[in-house]
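A short worksheet on the structure shown next.
The values are calculated or read from the model by the stated rules, or taken from the named source; none is laboratory data. All values reported here derive from a predicted model rather than from experimental measurement. Here the Cβ positions follow ideal geometry from the backbone for every residue, glycine too, while neighbour counts run over all protein chains shown. Quick note on the areas: whole protein, heavy atoms, side chains included, nothing else; ligands and nucleic acids left out. Shrake-Rupley method; radii C 1.70, N 1.55, O 1.52, S 1.80 Å.
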Amino acid sequence: MGQLLAKARDQLYDCKAITQRLRAMLQSADEQVRSLKKQSTFLSQLAAKTIPNGIHCLSMRLTIDYYLLSPEKRKFPKSENLENPDLYHYALFSDNVLAASVVVNSTIMNAKEPEKHVFHLVTDKLNFGAMNMWFLLNPPGDATIHVENVDDFKWLNSSYCPVLKQLESAAMKEYYFKADRPKTLSAGSSNMKYRNPKYLSMLNHLRFYLPQVYPKLNKILFLDDDIVVQKDLTGLWEVDLNGNVNGAVETCGESFHRFDKYLNFSNPNIAQNFDPNACGWAYGMNMFDLEEWKKKDITGIYHKWQNMNENRLLWKLGTLPPGLLTFYKLTHPLDKSWHVLGLGYNPSIERSEIDNAAVVHYNGNMKPWLEIAMTKYRPYWTKYINYEHTYVRGCKISR
């Protein structure tokens, strides 16, 4: 025993050296974890931006067949409903045919009076033929539908629209289109989200020009293309917005999704005009009072802030930050059951919350049409697609 203890005493480790070695190992492991997280973020963002082969195939086939139609067969019926303020009007801006079809199908299938619903779709010139062809082949029952090309809005030009003007600047082109390509996955993750030109897409910013696009309407319900409607939505037209312009579901918890999450409060233009603890709200399902919009010159307010953000010093990306600024103190909070968010990133949403929602929203990277979608949430979306449809089957789009 004495020999053993002596040997153990002779071989006692230097605690200080061991501590330093363990710290070095911990730091190395931490750096590896950070690197892997960056790679994961990069790859998930990349996956979210890709168009699945099936949807690309669907768009191409529909486009070819649309331009083979004679001009008289390219027209939708019931055009007299498009400016009737007594009907229920929806605005949907999308370049994804399949996603747009789910929004329309789910709305109509859950509507009590489908014949009173009017869908105003706007897409880009690349998908204009496909979007038209799909709804000519698959009309939304008794509802009215109309498809427009955003490039046909000639008034939407760089002399009027700050986003288009900014896109013409050399600095903006450099930032969005000519930035140095990252040499590694982890190096590219931090800036990839912010350097995505979709954030300057006019389809994305068209939501700030609703009275110009639909001058004869009093109210319109704006829907994103990554939502599914599960209940009749006509009750939204009966909600009193109390003189506000925007009806939306608020998204803030105790400290989450408040203004300071989206805006740069170190900038005096933001700090002096807004409350950092003001509650954020969601785009995706918004009731807009277009009469109040015109009275309060909402588009003018948006132009002011967008012009001030030319150097991206007030916010970095997207349409929600300028929306928060533009509709500040002009947003009426809707009951949360109207619009449940997070199906594109949050795996912990209660089943009862989803089932009770009028609209569920796949905001986040994991869109339901992508392979990275969360499996348990996909059926809410896929139930509104006819997988036996000739075009869908021909493009090998599956559940």
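In the set ASN286, ASN269, only one residue is over 24 Å from LEU92 (Cα atoms) and assigned by the TED database to the domain that holds THR107; that residue is ASN269.
Applying the condition of being among the β-branched types (Val, Ile, Thr) and open to solvent by 10 Å² or more (accessible area, probe 1.4 Å) to the stretch 225-257 and asking which residue is farthest from ASN96 (Cα to Cα) yields VAL239.
Among the numbered conditions (1) more than 24 Å from LEU217 (Cβ to Cβ); (2) in contact (Cβ under 8 Å) with a residue 40 or more places away in the chain, the only one that VAL150 does not meet is (1).
Across the stretch 150-159, what is the total count of residues that are part of a loop (DSSP other than H, G, I, E, B) and either open to solvent by 80 Å² or more (accessible area, probe 1.4 Å) or within 9 Å of TYR209 (Cβ to Cβ) (or both)? Within the stretch 150-159, residues that are part of a loop (DSSP other than H, G, I, E, B) and either open to solvent by 80 Å² or more (accessible area, probe 1.4 Å) or within 9 Å of TYR209 (Cβ to Cβ) (or both) number 5.
Is it the case that some residue within the stretch 258-277 is over 19 Å from PHE208 (Cβ atoms) and open to solvent by less than 20 Å² (accessible area, probe 1.4 Å)? The answer is no; no qualifying residue exists. Has the stretch 97-108 got at least one residue that is more than 15 Å from ASP225 (Cβ to Cβ) and not acidic (Asp, Glu)? Yes, the stretch 97-108 has at least one match. Within the option set ALA143, ALA111, being surrounded by 14 or more Cβ atoms within 10 Å (Cβ to Cβ), under 25 Å from ARG378 (Cα atoms) and among the aliphatic types (A, V, I, L, M) holds for one residue only, ALA111. Of all residues in the stretch 303-350, which are hydroxyl-bearing (Ser, Thr, Tyr) and over 28 Å from THR234 (Cα atoms)? Result: TYR345, SER348. For first residues located in the stretch 24-37 and in contact (Cβ under 8 Å) with a residue 24 or more places away in the chain, partners that are part of a helix (DSSP H, G or I) and lie 6+ apart or on another chain with Cβ distances below 7 Å form the pairs SER35/SER186.
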